[in-house]
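For reference, the structure discussed in these notes is given below.
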Ligand SMILES: NC(=O)c1ccc[n+]([C@@H]2O[C@H](COP(=O)([O-])OP(=O)(O)OC[C@H]3O[C@@H](n4cnc5c(N)ncnc54)[C@H](O)[C@@H]3O)[C@@H](O)[C@H]2O)c1
């Protein structure tokens, strides 16, 4: 399989690295408006650099396109790639809102091609372990989740495209908070926005830098989310509360700390034979993009919907749209 990547920034480089490590798959072209960036990536991971994404979508030689650009660029590139017969992995969010996500999803349906959204958090080892514990019923019936994703950002973050109303399209809830919305759906299923408080605590940007959101399932199970771009120190935590036990996750490599999971049964201390909290800590090596890229390729090879599909991104975008539709930022 031959792959083209549009975008050679932070995430485009991670995807190029992933492709270079997967047997039977080859990076053929990488595009970036900044040709120097594309050249650096290609020198390291293979392929030819270009500064025009059209070279990628129009190439008859490519099977897969990965899109890792700013958010406003994703829609025309994804739709064109699908219309020209490529399977697409597009980094989250899929466009800037549900309407743009829907346009991309419909283009994939019309073309009969696989569309995956970049939801790499599903592929961290502690998230996968938590999901298998929930699936096997270890904590009984999952009742509510609490999640925090706090990004410390950096000086002049308010000047980056990520927080620009046009190029980024949203605040902390859209980026990086869409990962929390997606993980809430991953664990709890269908959710609706119930209430929210959006705040500009530090950055003077058009959108919020802190989003506190409650989502509920039709049966009243709850997800409590806090997404932030003003944390003192990068933070990622998830607490899952079941009728029979709990699971706690923290870290996601690098400045977020090593991924760690701890879990136990309710009132475990009463059980003389098994009262020690179970913990597992994983290496400080972020393989989530690699694992997710393998899933994308396998979904293409077996012609099935991937874990973290375009439909998942569309549902997450609808929830975020709903929160933003009643937006008051304090
Ligand atoms: N899953 C995660 O943990 C995670 C983390 C960061 C970013 N992301 C997502 O990845 C995507 C890219 O983010 P990034 O951090 O790599 O950004 P970045 O700014 O590091 O890189 C984006 C690159 O895209 C290029 N670009 C923009 N428009 C283009 C166009 N029309 N044609 C060709 N190249 C173009 C830019 O020149 C830049 O080099 C975004 O969707 C972002 O939300 C995901």
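The values are calculated or read from the model by the stated rules, or taken from the named source; none is laboratory data. These numbers were taken from a predicted model, which means no experiment stands behind them. For neighbour counting, all protein chains shown are included, and Cβ atoms are generated from backbone atoms with ideal geometry for every residue, glycine included.
So which residues in region 141-155 are over 19 Å from residue 255 (Cα atoms) and either at pLDDT below 95 or surrounded by fewer than 15 Cβ atoms within 10 Å (Cβ to Cβ) (or both), if there are any at all?
Here is the first cut: in region 141-155, the residues over 19 Å from residue 255 (Cα atoms) are 141-146.
Within region 141-155, 141 is the sole residue that qualifies.
Would you point out which residue out of 111, 98 is surrounded by 20 or more Cβ atoms within 10 Å (Cβ to Cβ) and at pLDDT 95 or above?
Going through 111, 98 in turn, just one is surrounded by 20 or more Cβ atoms within 10 Å (Cβ to Cβ) and at pLDDT 95 or above: 98.
Among the residues of region 137-170, the ones that are in a loop (DSSP other than H, G, I, E, B), within 13 Å of the ligand (Cβ to nearest atom) and touching a helix residue (DSSP H, G or I) at 6+ places or on another chain (Cβ under 8 Å) come to 5 in all. Out of 233, 248, one residue alone is under 22 Å from the mean Cα position of the chain (by Cα) and without any contact (Cβ under 8 Å) to a residue 60 or more places away in the chain. It is 248.
What is the one condition in (1) in contact with a strand residue (DSSP E or B) (Cβ under 9 Å, 6 or more places away or on another chain); (2) closer than 18 Å to residue 9 by Cα; (3) without any contact (Cβ under 8 Å) to a residue 40 or more places away in the chain that residue 56 does not satisfy? Unmet for residue 56, out of (1) in contact with a strand residue (DSSP E or B) (Cβ under 9 Å, 6 or more places away or on another chain); (2) closer than 18 Å to residue 9 by Cα; (3) without any contact (Cβ under 8 Å) to a residue 40 or more places away in the chain: (3).
Residue-by-condition table, conditions (1) closer than 19 Å to residue 41 by Cβ; (2) more than 23 Å from the chain's Cα centre (by Cα):
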| site | (1), (2) |
| --- | --- |
| 54 | yes, yes |
| 72 | no, no |
| 76 | no, no |
| 80 | no, no |
| 85 | no, yes |
| 95 | no, no |
| 102 | no, no |
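In region 5-35, the qualifying residues are those that are more than 21 Å from residue 286 (Cα to Cα) and within 11 Å of the ligand (Cβ to nearest atom), and the one that is nearest to the chain's Cα centre (by Cα) is 6.
Screening residue 97 against (1) touching a residue at least 40 places away in the same chain (Cβ under 8 Å); (2) more than 10 Å from the ligand (Cβ to nearest atom); (3) under 17 Å from residue 300 (Cβ atoms) leaves a single unmet condition, (3).
Suppose we filter 14, 92, 86, 128 for residues that are closer than 27 Å to residue 319 by Cα and in contact (Cβ under 8 Å) with a residue 60 or more places away in the chain; which single one remains?
Details: 14 fails: closer than 27 Å to residue 319 by Cα; 86 fails: closer than 27 Å to residue 319 by Cα; 128 fails: in contact (Cβ under 8 Å) with a residue 60 or more places away in the chain.
Result of the check over 14, 92, 86, 128: 92.
Taking region 212-328 and the strands (runs of 3 or more DSSP E) fully enclosed by it, the elements with 3 or more residues that are surrounded by 19 or more Cβ atoms within 10 Å (Cβ to Cβ) are at 222-228, 235-242, 245-250, 260-265.
Quick one: would you say residue 38 is within 9 Å of the ligand (Cβ to nearest atom) and surrounded by 23 or more Cβ atoms within 10 Å (Cβ to Cβ)? The answer is yes for residue 38.
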